[in-house]
Amino acid sequence: MNKYFVSVSKLIDAPAQTIFDVIADPAMHPVIDGSGSVKKPLPGNPERLELGAKFGMGMKMGKSYNMQNTVVEFDEGKMITWKPQGDYVWRYIFEPQGNKTLVTEEWDARRAKGRRIMALLGFPRRNKRGMEQTLQRLEELVKKSINS
């Protein structure tokens, strides 16, 4: 972890495509969010994300607000990246490891104009905790869906 880039990985006992499908569904983002800030998908979101897709989330961090995102990288089953209204990105990378998948979530603000303010506000530390919890919730959700 550095001031402007946070990466957290977890080995999940599920196929990459199964996990990718959860992340590619914007309606699932509040379900798996471990930060507590993603509250609800906004109306008009696509059912499934793809390159160039725009989607919004109702958020709360102190006060409620809406966040619009655009998918800027998309490699089916392998990687998905979106850019919120700011100039930073959230990225998920899926690497098959036999019958399991190494899932990496990244918050990358290295090129963000406001990166120093984000660092002073504690975003790297806060994001790391939220990302660890998100990957845990993602694992629990995927396991539940596989076993049902």
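The values are calculated or read from the model by the stated rules, or taken from the named source; none is laboratory data. Since we're looking at a predicted model, the values are computed, not measured. When we count neighbours, we look across all protein chains shown, and the Cβ atoms used for this are built from the backbone with ideal geometry, even at glycine. For accessibility, only protein heavy atoms count, side chains too; no ligands or nucleic acids. Shrake-Rupley method; radii C 1.70, N 1.55, O 1.52, S 1.80 Å.
Relative to its residue count, the chain spans a Cα convex hull of 103 Å³ per residue. Calculated FRET efficiency, LYS54 to ASP13, Cβ-Cβ distance, R0 = 22 Å: about 0.10 to the nearest 0.05. Remark: segment 1-62 carries a charge dipole of roughly 360 debye about the Cα centre, counting +1 on each Lys and Arg Cβ and -1 on each Asp and Glu Cβ.
Restricting to bridges with both residues inside the chain, how much of the DSSP beta-bridge set is antiparallel, in percent to the nearest 5? Taking every DSSP beta bridge within the chain, about 100 percent pair in antiparallel fashion.
Dipole orientation for segment 17-148: of the candidates VAL142, VAL89, MET61, MET61 has the Cα lying most toward the positive pole (charges on Cβ; Lys, Arg +1; Asp, Glu -1).
Taken per residue, the accessible surface of the chain reaches 56 Å², heavy atoms only and a 1.4 Å probe. The mean sequence distance of close C-alpha pairs (under 8 Å, at least 6 residues apart), as a share of the length of segment 10-148, puts its relative contact order at 27 percent.
Under a Gaussian network description of the chain, with springs only between Cα atoms under 10 Å, the residue in THR81, THR18, THR70 that fluctuates furthest is THR18. Once the chain from LYS40 to LYS128 is taken as fully extended at 0.36 nm per residue, the excess over their C-alpha distance is 29.6 nm.
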